[in-house]
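Below you will find the structure I want to go over with you.
Every read-out reported here was derived from the displayed coordinates using simple, explicitly stated rules and does not represent laboratory data. No experiment lies behind these values; they were computed from the predicted model shown. Here the Cβ is made from the backbone with ideal geometry for all residues, glycine too, and neighbour counts use every protein chain on show.
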Amino acid sequence: MQKQEIKITTIDLYNNEPNEGMRCIRDIVKEVSDNYNFDISYDVFETRYKNIIPSLDYDIFISSGGPGSPFEGEGTEWEKKYFNLLDRIWNYNQTNPEKKKYMFFICHSFQMMARFFQFGEVNKRFINSFGVMPFAKTEDGNSDFILKNLPDPFYAADIRHWQVVDANNKILNELGASILSWEIPEEENKDNPAITAVRISDEIVGTQFHPEADPASMLYHFRQPERKEYVIKRYNEDKYFEMIEWLKDPQKIIKTRQTVLPGFLKNAIDELISVTA
């Protein structure tokens, strides 16, 4: 096989806020890249903070989580550039069937993805969600390669103030998109749980949860006094310590971290290789 270079980039939407997400993404990209014997480059663009965006020269795009409202950037230059890039990637894939662009959206970016494709309503959640949470797979999720090897329910890091609800089935059908998972509702939203994973196409997918999170990153959050206070007040102290114990369970966020984003990257790289082999 002729050697080639595959270019991966992360669009950083953390707006210069301290976070563990970018480290976790970088670690996963390196782990996956180390399994291949050709050059895989990796760059980061601080889109929300520095107003810079990657070009279409990249093959694989990961759009990160981030703080605050997914409407905070309305009308700003960075948001215009971001949505323009999504539009260009979508249109490129419609006209270049042989070699496409791949994109994964995480948390804040998932809400931006929902705004762009309009497959659901983006609004403020009834209460902030934080912790290690269970998610239910749909029938499509059970057969989708990024989720099929996870248990049902599966567990992932969930850190959000906003949500995507009220799926627009007409738009989903027009796109050929599918919902892969839902949050398991609490009493307050038992009749309207949030959408937590959507596949737009073979190349474009996103999750509301943080599939990149590892135990170290979540332990960092759990040790923040305001996070501890929130979980204990929302649930109880036993639940707080139970979530911390879940960080050691190989079938919970460890499994999700090893499966979802690595699976996306491996599939994208293998598909890109296959069209140039």
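Keeping to the stretch 93-115, report how many residues are touching a Phe, Trp or Tyr at 6+ places or on another chain (Cβ under 6 Å) and either more than 20 Å from residue 158 (Cβ to Cβ) or among the small types (Gly, Ala, Ser) (or both).
Within the stretch 93-115, the subset touching a Phe, Trp or Tyr at 6+ places or on another chain (Cβ under 6 Å) is 101, 103-104, 111, 113.
If we keep only those that are either more than 20 Å from residue 158 (Cβ to Cβ) or among the small types (Gly, Ala, Ser) (or both) too, we end up with 101, 103.
Count: 2.
Since residue 275 meets every condition but one in (1) hydrophobic (A, V, I, L, M, F, W, C); (2) more than 12 Å from residue 132 (Cβ to Cβ); (3) touching a strand residue (DSSP E or B) at 6+ places or on another chain (Cβ under 7 Å), which condition does it not meet?
Of the numbered conditions (1) hydrophobic (A, V, I, L, M, F, W, C); (2) more than 12 Å from residue 132 (Cβ to Cβ); (3) touching a strand residue (DSSP E or B) at 6+ places or on another chain (Cβ under 7 Å), the odd one out for residue 275 is (3).
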